[in-house]
Structures are given as C-alpha cells and as structure tokens.
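Let me begin by presenting the structure, written as structure tokens, before commenting on it.
All of the numbers you see were taken from the coordinates with simple rules; none came from a lab. This one's a predicted model, so the numbers in the text were calculated from it and none came from an experiment. When we count neighbours, we look across all protein chains shown, and the Cβ atoms used for this are built from the backbone with ideal geometry, even at glycine.
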Amino acid sequence: TLSKREAEKGLKGMEARIFRIGLIWSWDEGGDAATLRGYLGRKMPVHPMVYPGQRYRPVLVRPLASALVDEACRFTGPEIVHILGDRDLTVWGLAQYMATSMNVRLLPIPTEFLEGRLPEIVLKCVPISARSSDAATADYRLGRHEDRTLVLDFTVPQAFQASSGVNPG
C-alpha cells in the first residue's frame, strides 16, 4: 500500500485516473488462489492456516477486467477510483471454501498467537495476509481519499460451496 501511494504522488498534477484495487482473486486461474490451491493439494493430514488473517474485499479478475475497460472508455478526467468486492472475506474464509471443495482439513493458527509470540523483527517477514489487520477498510492516513468507489460482485462457485457450515469471515 505504501509503495502504491508513493507512485500516486508521482502522478500528482497529471491527467491520470488512478485505480486502487485490493485483493484480485480468481477461483480457477493463477495468482494467490493457485498458490493456496497448491498448498492445500499437498498430502498432509491437516493444513495449518492463519486464522482469521487479513480481512479483504476481494474482486474477481474477470469482472475487474471488464470494469476497467468500461471505465477506460468513459474517461472524464483525473480521479481516484477505489475498486472493491461486495463482501468482506478473510484469507481463512477463502481457504475454507477451497478446502471444502478439495476435501482437506484446515488447522486454524490464531494470528494473535503469532503476533503475541514472535518478535517484531520476525513478524516483519510474515506476509501481511497472515496478520490480523483489516484491508477491507481504507486507511486514509496513507494518502488522499478516493473520488469514487466501484463495488463489484464477488461470487463463490457452487463447487466451493459444497459443504454447509463454511464461515468465510
């Protein structure tokens, strides 16, 4: 986030439209989902996973691409557009959906345990997704407010909803 805000400062005074996009997600393609799927595909009796982990409002890659094309065709001048999904999810929740469809078990490791036991120098090496902060809410201490927010539907395919009792938050 900090590096993105620094890049925005470099565009100050230009006729630029800036899109602030949170976590980009794809259920069936590469990226973070493929990494998570690879981890859950390992032969293990249980898969340790941070709980609850970072909170996001993820956007699906295909609707995002479509929205960006639509937005580019309607350029009306410089602005900052925040693009979010329509639901809050944690890394744990996303992993739960995938684990259910892959028939694997997750072992929740509370983020408070990690944050309370590991020294700060080690925590700096822990991915932010394993921390307990809230990326679903904008932090305006880091830069200018957005001019507009665009909210996209975030859907979970039926294959990932096979089991009842999944609590994605």
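Quick notes
- Near PHE19, the amide H atoms lying under 5 Å from its own belong to VAL81; only residues 5 or more places off or on other chains count, and H is placed 1.01 Å from N.
- Loop-located chymotrypsin sites (Phe, Trp or Tyr not before Pro) in the stretch 72-121 whose Cβ has at most 13 other Cβ within 10 Å (DSSP): PHE75
- When the GluC sites (Glu not before Pro) in the stretch 1-105 are filtered for DSSP coil states and for at most 13 other beta-carbon atoms within 10 Å of their beta-carbon, the remaining sites are GLU15, GLU29.
- For LEU60, the amide hydrogen comes within under 5 Å of the amide hydrogens of TRP25, counting only partners 5 or more places away or on other chains and with H modelled in the peptide plane.
- Contour minus Cα-Cα distance for SER3 and PHE75 (0.36 nm per residue): 23.4 nm
- Entry for the stretch 74-114 at q = 0.17, 0.30, 0.34 Å⁻¹: log10 I(q)/I(0) = -0.66, -1.06, -1.14, Debye formula applied to identical alpha-carbon scatterers, no solvent contribution.
- Extension gain from LEU68 to LEU118, taking 0.36 nm per residue of separation minus the Cα-Cα distance: 14.0 nm
- With all pairs of different C-alpha atoms in the average, the Kirkwood value for the hydrodynamic radius of the stretch 21-114 is 15.0 Å.
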